[in-house]
Every structure is written in C-alpha cells, then in structure tokens.
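This report concerns only the one structure given below.
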Amino acid sequence: MAAGIANAVAAAFERCTRASLVFDLCAIEANMRRVADAARASRITPLFALKSFPHPRVVELAAEILDGFDAASPAEVASVPANRTISIADPSGAAIAHAPSTGRVIVSCETVEQVRAAPPHADIAIRISASITGRDPAIGAILDGNGHRRSRFGLDDRAAIAELARAAGDRRVGIHVHHGPITATTAERFIATARAALALVDTPPAFIDLGGAWHGIADLHAAFAEVRRALEDLEILVEPGRLYADGAGFAHGRVLARRELPDRILQVVELSRICHLRWSQVDLLARAPHPGEGAKVQLVGPTCYEEDVIGEWTVDPSQVADRVVLRNVSGYALAWNTSFGGVPAADVIFAE
Ligand SMILES: Cc1ncc(COP(=O)(O)O)c(C=O)c1O
C-alpha cells in the first residue's frame, strides 16, 4: 500500500468486498482539532457544515471539538445536538421554523419574510452574494445575458440589504457570505469578499460568517490570523465542510471489465463517479512509472451513463490490478452516496 496510508485504513481495504468508501476517523478528528486550534488562536468561531459529512460518528466528533453547526434544511436542524450554536442557512427558509428554542441561533436570511420568521432569540445574518467582488465572472447559477454568471445566493443590493436590517429590528444583525464553488487559496480572497460585503451594509454588522471553502488554504493558522487582522474586532465565524475530511477519505472497488484500446487501458470498476464519488477530486493510489514506461489507465463507472468517468492516470504497468483504491474522497461522497440504474450505493467503512 502507498506510503502515508494509516494501518487501520489499509486493513479496512482488505475487508472491502464491494464498492466502498473508507474514512479515516483519526484523520478527521485531527483535522477538526487543527482547524479549531487555528481558528480559536485568531478568535474565530469554527462551525461544521453538516451537509459536508452527514454521518453520526462525524457529527459526534464535531460536537465535541468544534463550536457548532451550519444546517441547511429541517432535517439537518433536527440532527444538531442540543445546545450547540447553530447557523441556519436554508435557501427555502423552511428550516427556520425548526430552529431550537435554546442556545445560540443564527438565521441566515435572503428575504424580509425569512427575517420575520426567525425566532425572537435568533441573530439575523443577511446573506450577501459571493459574486460582489466581480472576480469570478464564470461562476454562479444566474446567467447575466452577457456571458457572465453570478451566484444565485445572497443579496448584492444596498437598499435590499438595508430593508432586511430594518426588518430585524433590535436583534443582533450580522452578514453571511459563502464562496461556494470558488476555492480560495489565500486569505486575501476571503478578506476581499468580506470588505466588499461590509461596504454594502449601512450599519456596521455585529458579526460576519465567512462560510466554507477553506480547503484550498495551505497555512490555515496564518490565513485566519490575516483575516482577524483585516477585520479587527468584528466577531468572525467560519463553517468549513470538506476541509474536515482532508486526506481522510478513500474509495475501494474491484475492476469488473478491462478493454485494451489503442491509446489506453479502459477499466470498468465497481465505483461510480455519479453514485459514489460526487464532489471529490479523486486520485488513483498507484506507483508512478519509470520515464517512458507508463501505462495509461482510464477508470469508468459501471453505469450506462457516458459521463460516469472517474479519471485517467499514467501508472507503472505492474499497478494495473484487479482492484483500485482512490484517495481525496470528500465527506460529500458519503452525503451523495446513492444508487443508479441498479448500481448500488457504496458501503461506508470507518477505519479507526
Ligand atoms: C452555506 C454553506 N456553508 C458552508 C459550506 C461548506 O463548504 P465547503 O465544504 O466548501 O467548506 C457549504 C457547502 O455547500 C454551504 O452551502
């Protein structure tokens, strides 16, 4: 097995009898402690985005190590352990009615109706569009008609933001901005978004929730410190998701069929991109070839869907085996893990 794989994980691969997602619980715990330490050193409150790893074992760890949860639906709100800080960001607004009556509740709002629906003890976080800096013109669900896109989430209009702040009355009002599909690699990116958001609000907010998408930052400690310096004494929350599963997720599957094409070896494996590996930029665990001696291997899923392609790698020919192991599997893979066309969902195994 490749270097750097924990013994418990390697042993779990041996137990796999079919398509399996294997997660290293010790690595997840270490990630949570690392994020919590880095955040608290800069007086930043670390939350856990429930959608990123909706499994009771992981939620239990998050409850022990982190400061609270980001919940996006009534079902997620119901899964939050009692008396934990909960930030509700449900685009439909339906989860607001399920907010707990005790503990700190932050309700992220995009409409005046959502502000009014929030319980009296809740803080209001006005959701601001991640597109306000104009740096990512190709990202977002709203097509501008000029080839540009912008996020479907959040407000970008000063008057509309002020209206939500007025509707909040005398509650604590903060702002919430989540980078979504943009993976920031520097603190500067978060600071630019935060400053643009702050420039849109008339009254200084009581707090800012900078959302998730922290997994592209190499030195989290330094990045959080930079964000803290830039935002001075403002209360800051973050709600990473996939960062907590960094390096902890693997997938195992047998090779079901192999075809030698003129330009590659095409292997149909038990693992499916659309059923088992969504939102994961996976990498094949295999020895690299000597120069000029590589075999090009393409792994495809067992479904009848043309785009069910896992990836393509050039490996040492001895590594073309009857089973594959992939790394960089995120907790979202478990969240989406599903069946299609008779291909069953993958087994989920925790190595510890
Ligand atoms: C509002 C919100 N916060 C946080 C996250 C977590 O994002 P990530 O897994 O990229 O850190 C998500 C993910 O979709 C989200 O929608």
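The values are calculated or read from the model by the stated rules, or taken from the named source; none is laboratory data. Fair warning: this is a prediction, and the values are worked out from it, not measured in the lab. Heads up, the Cβs are rebuilt from the backbone with ideal geometry, glycines too, and the neighbour counts pull from every protein chain shown. Heads up: the accessible areas ignore ligands, DNA and RNA and are worked out on the full protein's heavy atoms, side chains in. Shrake-Rupley method; radii C 1.70, N 1.55, O 1.52, S 1.80 Å.
Some values worked out for this structure:
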item	result
Checking His221 against (1) in contact (Cβ under 8 Å) with a residue 40 or more places away in the chain; (2) surrounded by fewer than 21 Cβ atoms within 10 Å (Cβ to Cβ); (3) within 16 Å of the ligand (Cβ to nearest atom); (4) not charged (D, E, K, R), the condition it does not meet	(3)
Cβ-Cβ under 6 Å pairs, at least 6 apart or on other chains, region 169-182 side farther than 18 Å from Ala72 by Cβ, far side open to solvent by 30 Å² or more (accessible area, probe 1.4 Å) and near the ligand (Cβ under 8 Å from one of its atoms)	none
Sole residue being more than 25 Å from the chain's Cα centre (by Cα), closer than 24 Å to Val227 by Cα, β-branched (Val, Ile, Thr) and more than 16 Å from the ligand (Cβ to nearest atom), chosen from Ile191, Ile161	Ile161
Conditions (1) touching a strand residue (DSSP E or B) at 6+ places or on another chain (Cβ under 9 Å); (2) within 14 Å of the ligand (Cβ to nearest atom); (3) in contact (Cβ under 8 Å) with a residue 40 or more places away in the chain; number of the one not met by Phe13	(2)
Residue match in region 55-69 (condition: open to solvent by 10 Å² or more (accessible area, probe 1.4 Å), closer than 18 Å to Phe207 by Cβ and either in the same structural domain as Asn337 (by TED's automatic domain parsing) or within 16 Å of the ligand (Cβ to nearest atom) (or both))	yes
Subset of region 315-333 that is surrounded by 21 or more Cβ atoms within 10 Å (Cβ to Cβ) and either in contact with a strand residue (DSSP E or B) (Cβ under 6 Å, 6 or more places away or on another chain) or of a type in the set (Gly, Ala, Ser) (or both) - its residue that is farthest from Val22 (Cα to Cα)	Val324
Total residues in region 230-258, condition within 16 Å of the ligand (Cβ to nearest atom) and part of a helix (DSSP H, G or I)	4
Ile265 vs. criteria within 26 Å of Asn7 (Cα to Cα) and outside the structural domain of Pro56 (by TED's automatic domain parsing)	no
Top-ranked residue in region 98-119 [being touching a helix residue (DSSP H, G or I) at 6+ places or on another chain (Cβ under 7 Å) and over 18 Å from Arg166 (Cβ atoms); ranked as least open to solvent (accessible area, probe 1.4 Å)]	Ala99
Any hit, region 268-276, residues being away from the ligand (no atom under 16 Å from the Cβ), in a strand (DSSP E or B), surrounded by fewer than 22 Cβ atoms within 10 Å (Cβ to Cβ) and of a type in the set (A, V, I, L, M, F, W, C)	yes
First in region 187-201 and over 16 Å from Ser151 (Cβ atoms), second anywhere and open to solvent by less than 30 Å² (accessible area, probe 1.4 Å) and outside any helix (DSSP H, G or I), Cβ under 8 Å, 6 or more apart	Ala187/Ile217; Leu198/Ile175; Leu198/Pro205; Leu198/Ile208; Val201/Ile126; Val201/Ile175
Count - residues of region 17-42 that are out of contact with any Leu (no Cβ under 9 Å at 6 or more places or on another chain), among the basic types (Lys, Arg) and touching a residue at least 12 places away in the same chain (Cβ under 8 Å)	2
